[in-house]
Amino acid sequence: MIRVVDLHKAFGANQVLRGIDLEVEKGTTCVILGGSGSGKTVLMKHVIGLLKPDRGTVFVNDVEMPKLEGLALTEARRMFGMVFQKSALFDSMTVLENVAFPLHEKDRSISGKELRRRVVEKLEVVDLAESILPRYPSELSGGMQKRVALARALIHDPPVVLYDEPTTGLDPITTEYVDDMIVGAKQRLGVTSMVISHDIASSFKVADKLAVLYDGQIAAQGTPEEVRRSQHPHVKKFLSLWFEKQ
Ligand SMILES: Nc1ncnc2c1ncn2[C@@H]1O[C@H](COP(=O)(O)OP(=O)(O)OP(=O)(O)O)[C@@H](O)[C@H]1O
Ligand SMILES: [Mg+2]
């Protein structure tokens, strides 16, 4: 579903990506793990066509993203639902208005009743009750806000969902809640997901495939178990920080 081929990207003298090769199979979750500044967000921006590579390319569902411009790029972006570190809900809108927003923007002719039906359908996917529709984001816990943000990202029925550090800054319980949400969206909707993280525990929990980004390259990739056995010095060090605490 997602294929990154020999991706290179520099900003001036800062060579951020130096030959990334990565494939994400349809219906699976791939976690990109790496330290701060390792280029995780830059990689994701190439996947959605927000940045152009210096060399190499990215295919999403056989569409070559860097080749697209303007309207074609806007169209292709409909393949994605995105959830960011900050849930970025609109404070002055209710849950119903927040989740319905992308649909309403695209097609003003959809009736209020139909909007509501589709919002409720997506809230069910993320385990939220219809009763929260009239509430405002400030009245919800951090974990619930994340779920609302995911419901909004799913409202178009995108085949691919991208999460940029969905659990950073959350407490352990809320983190677990978000991890379950990511796994739930995959199981119930069959979406293909790419999750950017520097949270090792979460990564091992949600990943079908794990890729560790280091020094502009993928230092290890495979199932969580395979990555855990990696002999790459940085990967061993990175993982040991967490496994020692267990
Ligand atoms: N638009 C840009 N122009 C110049 N440099 C950039 C740009 N975007 C990112 N960078 C640089 O690329 C490097 C990687 O940034 P990136 O945001 O991908 O890191 P990250 O792995 O997502 O880190 P974090 O975990 O802190 O979010 C950094 O050195 C950053 O300063
Ligand atoms: Mg980032």
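Any read-out appearing in this document is the output of simple, stated calculations on the displayed coordinates, not a laboratory observation. Owing to the predicted nature of the structure, the values given are computational and were not obtained by experimental measurement. Cβ coordinates were reconstructed from backbone atoms using ideal geometry, including for glycine residues, and neighbour counts include every protein chain displayed.
The table below gives the values:
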item	result
Gain in span if fully extended, Glu75 to Arg228, counting 0.36 nm per residue against the direct Cα distance	51.2 nm
Cα-Cα P(r), region 167-246, percent of pairs per 10 Å interval	17, 48, 30, 5
About the Cα centre, charge dipole magnitude for the chain (Lys/Arg +1, Asp/Glu -1 at Cβ), debye	220 debye
Between helix 233-243 and the chain: long-axis angle, C-alpha atoms, 0 to 90°, nearest 10	50 degrees
Relative compactness, region 51-109, computed as alpha-carbon Rg over 2.2 N^0.38 Å	1.46
Under 14 Å, Cβ to Cβ, from Ile182 - net charge with Lys/Arg +1 and Asp/Glu -1	-2
Two-decimal log10 I(q)/I(0) for the chain, as the Debye equation yields it once each C-alpha is a single scatterer, q = 0.10, 0.15 Å⁻¹	-0.49, -1.06
Extension gain (nm, one decimal) between Asp127 and Asp91, 0.36 nm per residue minus Cα-Cα	10.8 nm
Stretch gain in nm, segment Arg116-Asp54, where the contour uses 0.36 nm per residue and the Cα spacing is subtracted	17.9 nm
Equivalent ellipsoid, region 169-215 (semi-axes from 5 times Cα gyration tensor eigenvalues, Å)	18, 16, 7
Sites Leu241 and Asp215, calculated FRET efficiency, Cβ-Cβ separation with R0 22 Å, nearest 0.05	0.80
